[in-house]
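Please read the structure below before turning to the comments.
Every number here is computed from the coordinates shown, using simple stated rules; none is lab data. None of the values given here were measured: they were computed from a predicted structure. Ideal geometry is used to build each Cβ from the backbone, glycine not excepted, and the neighbour counts take in all protein chains shown.
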Amino acid sequence: MQQRFSDLIILLASGINQRRMYFNNHPKVIDISAEFVKKLGFMLGEGQKDEFSFGVFNSKFIHKGKYLVGPSIVGRSLIEFAENLSCGGFVFRQPITSEDLINFFRLGAEQKDKIDSLETARAFFASAGLSHIELLTPFADEGEKGSEKEEQSDSPEADDMKFMAADFAPLLKAYQSLYETVAANNLALHGDERINIEKARASGEQLIAVSDQGALDVMQFMRYPDFDSYTIGHSVRVAALGALLARSLGWSHQLQNEIATAGLLHDLGKGKIPDGILFKPGRLNEDERKIMETHSALGARVLLNNGETNPIVLSAAWGHHLREDGGGYPAMPPFFVRSSAASLIHVCDVFEALTAVRPYKNAMCPRRAYEIMIKDKGAFHPRMLAALIQILGLYPPGSEVTLSDGRRAVVVAKGAAPESPLVRVTHGEYGEPLSRPNQPAIHLDQQSEIKIDEFKIVGVDNEDSDATEPAASSLSDEILQH
Ligand SMILES: [Fe+2]
C-alpha cells in the first residue's frame, strides 16, 4: 500500500517533468495522466475512499506524519510546485479525469514564480478549472511537525521511512540535488541549451561530503525505483556507486569528487538520442543500435563544447562502453590509453543497468549480476569488478530477504561473510509485520542455522525476475538497451 501511494506521488512529479520537456498533448504526458487516474481509482476503490492527499514540508513529502524518502528524492518538481503555491500539499478528489491531470501538469511545469498567499494560489487553481484538486494549508514551521502522529503508527514500513528520513536527512538533500542536476542537464540538452557542468561538480562534491560524515549508504537509496526517468536515476546511482568504489580503492578525495561528477555526466549523450530509440521497450534493430552507440562520443563532445577539460569526466563519458579487451564502443584509436576512470564507471554502469528496473525488464539480484559480469570474460577491469563485489556484498543494505525459517528481513549491513549479512527481521514466520521495537537484529554470520532463502529488492516488483534475466551471451544487448 505504501509503495502504491509513493507510486502515485512519483507519477505526479513525473507528469510535471514530462510536461516541462514537451507539450500538453504529448503521448508521454497523456500516458502519465491516464496511468495516474487508473492507479488512483484502483487504490481508492480498494480502500473505499474518494480522496488521496499528501503533504509537503521541509522539501519532503509527508503522509500520515511520515516523510516519504523515495518520492522526495525523485519528486523534486512536485515539491517545488507546492512551494511555489505556498501550500502544504495536495488533495485529489474523485471523480478526477485525465484532463484535470494534464492541466495540473501544465500549471506545475509553467509556474516558475512563488505565489505569496494560499488564497491567491487557490483562486489560480479554481480559474484553471481544477475543481477536483485542492491545496492544503501549509504546515506550521515548528520542527518535526508530524512527531505526535508518528507515535501512533503501527506500520513497520512507515516506521522504516521515518527512521531513514531521520538518519539520512543530509543524504536526502544530496540526492535531491543530484537528481535535479541530471534532470536539468537533460532538459538543457533537449532545448539545445548549455549544460551546467559546475552544478554537476557541486552535486558530486556534496555527495562525497555527506559520505564523509558517515551518512552514506548508497544502496539504501538505490532501492527506490526511478519511475520518472531511468536515465536520471541511472546516472545518480552510477555516481554514488562510483564514489563508493573510488573510495574503496583508496583513490584521493579529489579523484572521488571527479568520479562522482563523471558518473553524473557519463550518459549525457543520451539526451541527443531520439526518444523512439532511447525509450524503445523492445530490442533495438541494427540501425537503432548504431545510433544508440553514438551516445558516448556525443556526450564527450557536448562536454567539450561546454568547456569541460577534466580528463576523468571526459574519458568516462567517452569510454564507459569500452571493454577491457578492446571491444565495445566507440572505436578506440591505436594511441588511446584506457583510463581507470572509464573502467571504474564501466563496471558501475553495467552493474546498475543489470540490477535496476527498466521498461523492458525487472530488477536482477546482485548475485546474478555478478555472475553475468564475471562470465563475460575480458569485459571488465578485474580489480574494479572484484572491489565492487567486495564493497556491495551479495546482499547490499536495503535488500529484502526471506530467511530459511520463513521470516522476512531487511539487510542492514554486510557481515563477515558475503552470504551472511546483518539483518533486521520485519515480518514473523506467518508473514505478520513486526512493529519497529520488536524487530530483532540478527548477525547471520553468528547464526549458522539461519540462511537466506530468497532475495528481493525492496520496492521493486521482481517476483518473476528470473524469467527476464538474460543469458551471459546477451549481456552486451542488455547493456545497450539501458
Ligand atoms: Fe552509456
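Summary table below
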| item | result |
| --- | --- |
| Residues with amide H under 5 Å from that of THR426, placed H, sequence gap 5 or more | ARG408, ALA409, VAL410 |
| Sequence of TRP251, TRP318 once ranked by neighbouring C-beta atoms within 10 Å, starting from the fewest | TRP251, TRP318 |
| Which of HIS266, HIS295 has the fewest Cβ neighbours within 10 Å, and the rest in rising order | HIS295, HIS266 |
| Radius of gyration and maximum dimension Dmax of segment 2-155, Cα, Å | 14.8, 44 |
| Peptides ranked, highest mean first, by Cβ atoms within 10 Å: ranges 114-122, 49-57 | 49-57, 114-122 |
| Residue order, fewest to most surrounding Cβ atoms within 10 angstrom, among PHE23, PHE336, PHE61 | PHE23, PHE336, PHE61 |
| Directionally averaged shadow of segment 399-457, computed from the convex hull of its alpha-carbon atoms, nm² | 3.7 |
| Listed residue (MET21, PHE81, SER53) projecting farthest to the positive dipole end of segment 2-155, Cβ model | MET21 |
| Student exercise, segment 399-457 dipole from Lys, Arg, Asp, Glu Cβ charges, in Debye to nearest 20 | 260 |
